[in-house]
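J.: Shown below is the structure under consideration.
The values are calculated or read from the model by the stated rules, or taken from the named source; none is laboratory data. All of these numbers come straight from a predicted model, not from anything done at the bench. Cβ placement follows ideal geometry from the backbone for every residue including glycine, while neighbour counts extend to all protein chains displayed.
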Amino acid sequence: MRLPNDYEEGSMGTPVIYTIVAVSAFVLIILAVVFASNGGRGNSGKQKADIAKASASPSPAEELTFAEGQEDIETLYREHKLRAEDLDFWNMYQDENAVVEAVPTVSPSPEPSHEPTEEEMAADGKHIKVIHRDGEEEWVEISEEIPLYTYDFTNLQISGGKMSYYQDGEKNSWLGIELSQSSGKVDFAAIKEAGVDFVMLKLGSRGYESGLISLDEKFVSNITGAQEAGLEVGVVFFSQAVNVKEAVEEAEFVASNLIPYQISYPVAFDMEYIINDNARIDSLDVDEKTQIAEAFMSTIEKEGYRPILYGNTNWILGELIPDMLLLEYDVWLNDQSAVPEYPYQFKMWRYASQQQVPGVENETAYTISFIDYTRK
């Protein structure tokens with residue numbers, strides 16, 4: 001028979017045994033972990049790589065889906081070939097509708113252009129040579145803003161020094177001559193009978209030394225005789241103005257002396273250097289001469305007459321600024337060449353000097369007009 005105390009001792013022995021076993025197992029586990037940690041440090045890199053590889057690689061049963069282009073990055077990652085530039089997440093996930101600022105392209109610098117040679121400018125049709133008073137030559141670029149002449153000079157006919165221009169088989173020109181006190185005796189009826197249509201009469205001039213304005217001695221008798229003979233009349237003033245004020249004074253002088261008469265052809269502004277002598281305009285620059293010409297012609301226009309600029313190629317293109325005058329005023333070109341080299345539009349052409357004309361005592365010059373100013 002078991003006594004009560006024997007039962008209690010037997011029942012308490014089993015828990016104690018379990019506790020001892022558990023503690024022993026826990027100690028063994030700790031020792032095993034410490035041992036594994038100390039003994040396996042050299043293999044930790046491989047273990048980590050294996051763990052990373054295992055976590056990155058899907059199991060055969062898994063089916064992974066990638067965004068467009070991501071599968072290439074995954075392949076690079078698996079093969080250990082992934083680079084920093086492959087991880088361009090901005091472009092990978094960019095909105096298709098987003099506006100991407102274009103990278104500006106740098107254009108190659110143009111090759112330096114060389115100054116055209118004289119031969120090139122002579123052949124390119126874009127330049128014309130002018131000769132200045134001192135003999136210096138200059139190639140001037142032909143402006144695209146100023147109308148070029150359109151005459152076909154194969155349509156010209158000359159007989160006895162008298163030139164005619166034909167269009168579509170019909171004569172479309174008018175013949176004129178110049179007259180002044182140096183012309184001597186004049187028979188206007190004989191001039192008319194010789195086929196002359198108009199006369200350009202010298203009205204007056206300013207002295208190239210004194211600066212005084214004077215009326216041509218034969219102007220009154222010439223304009224009276226010309227109009228009585230039925231000839232059309234234009235006038236010329238020889239200017240030596242050195243400023244705008246003097247140019248206006250010259251124009252007003254012309255207008256005051258035309259009051260008693262009716263003229264149909266233009267009032268010509270003629271400014272030239274004096275050959276083999278000094279003149280008061282010699283010191284003027286291109287801009288000053290241009291302003292003087294414009295002041296004279298604009299004043300003539302205000303007085304009710306039609307102005308025209310007289311000169312040769314060297315004067316109009318070398319001593320003046322063409323863009324400031326040729327778009328507003330007609331040109332009376334002085335050119336003795338068979339075909340003018342002057343490129344721009346001109347309405348009258350003084351083509352021959354030192355001509356002996358029936359009815360004129362001394363030599364004079366022929367001018368052809370391509371428009372009938374009586375209809376203007």
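J.: Condition check: farther than 19 Å from E144 by Cβ, of a type outside the set (K, R) and in contact (Cβ under 8 Å) with a residue 12 or more places away in the chain. Does Q345 satisfy that?
T.: For Q345, the condition - farther than 19 Å from E144 by Cβ, of a type outside the set (K, R) and in contact (Cβ under 8 Å) with a residue 12 or more places away in the chain - is not met.
J.: Right, something else. Would you call V235 out of contact with any Pro (no Cβ under 9 Å at 6 or more places or on another chain) and crowded, with 19+ Cβ neighbours inside 10 Å?
T.: no
J.: Let me ask something else. Could you list, in sequence order, all residues of the stretch 305-346 that are farther than 19 Å from E288 by Cα and acidic (D, E)?
T.: D330, D335, E341 - these are the residues of the stretch 305-346 that are farther than 19 Å from E288 by Cα and acidic (D, E).
J.: Kindly provide the set of residues from the stretch 140-178 that are of a type in the set (A, V, I, L, M, F, W, C), more than 22 Å from W315 (Cα to Cα) and touching a residue at least 12 places away in the same chain (Cβ under 8 Å), ordered by number.
T.: F153, M163, W174, L175
J.: Restricting to the stretch 246-261, count the residues that are in contact with a helix residue (DSSP H, G or I) (Cβ under 8 Å, 6 or more places away or on another chain) and without any contact (Cβ under 8 Å) to a residue 40 or more places away in the chain.
T.: Number of matching residues: 1.
J.: Sticking with this one: Can you name the residue in the stretch 226-252 that is acidic (D, E) and outside any strand (DSSP E or B) and, of all such residues, is farthest from A194 (Cα to Cα)?
T.: Only one residue tops the list, namely E246.
J.: Residues that are in contact with a strand residue (DSSP E or B) (Cβ under 6 Å, 6 or more places away or on another chain) and within 21 Å of V242 (Cα to Cα), at least 3 per element: which strands (runs of 3 or more DSSP E) completely within the stretch 256-368 meet that?
T.: Passing ranges, in order: 267-270, 307-311.
J.: Within the stretch 145-162, is even one residue β-branched (V, I, T) and loosely packed, with under 12 Cβ neighbours inside 10 Å?
T.: Looking for residues that are β-branched (V, I, T) and loosely packed, with under 12 Cβ neighbours inside 10 Å, one finds at least one in the stretch 145-162, hence yes.
J.: Just to be sure, is F346 assigned by TED's automatic domain parsing to the domain that holds D282 and within 31 Å of the chain's Cα centre (by Cα)?
T.: yes
J.: Mind listing whichever residues of the stretch 324-349 are among the charged types (D, E, K, R) and either over 26 Å from D285 (Cα atoms) or modelled with pLDDT under 95 (or both)?
T.: Those that are among the charged types (D, E, K, R) and either over 26 Å from D285 (Cα atoms) or modelled with pLDDT under 95 (or both): E341, K347.
J.: How many of the residues making up the stretch 226-266 are closer than 13 Å to T299 by Cβ and either of a type in the set (G, A, S) or not assigned by TED's automatic domain parsing to the domain that holds L284 (or both)?
T.: Result for the stretch 226-266: 6.
J.: Spot the failing condition for L325; the list is (1) touching a Leu at 6+ places or on another chain (Cβ under 8 Å); (2) of a type outside the set (K, R); (3) closer than 23 Å to N222 by Cβ; (4) without any contact (Cβ under 8 Å) to a residue 40 or more places away in the chain, and only one is missed.
T.: Here L325 clears every test but (3).
J.: Quick one: is L309 of a type in the set (A, V, I, L, M, F, W, C), buried (at least 20 other Cβ atoms within 10 Å of the Cβ) and over 24 Å from K376 (Cα atoms)?
T.: The answer is no for L309.
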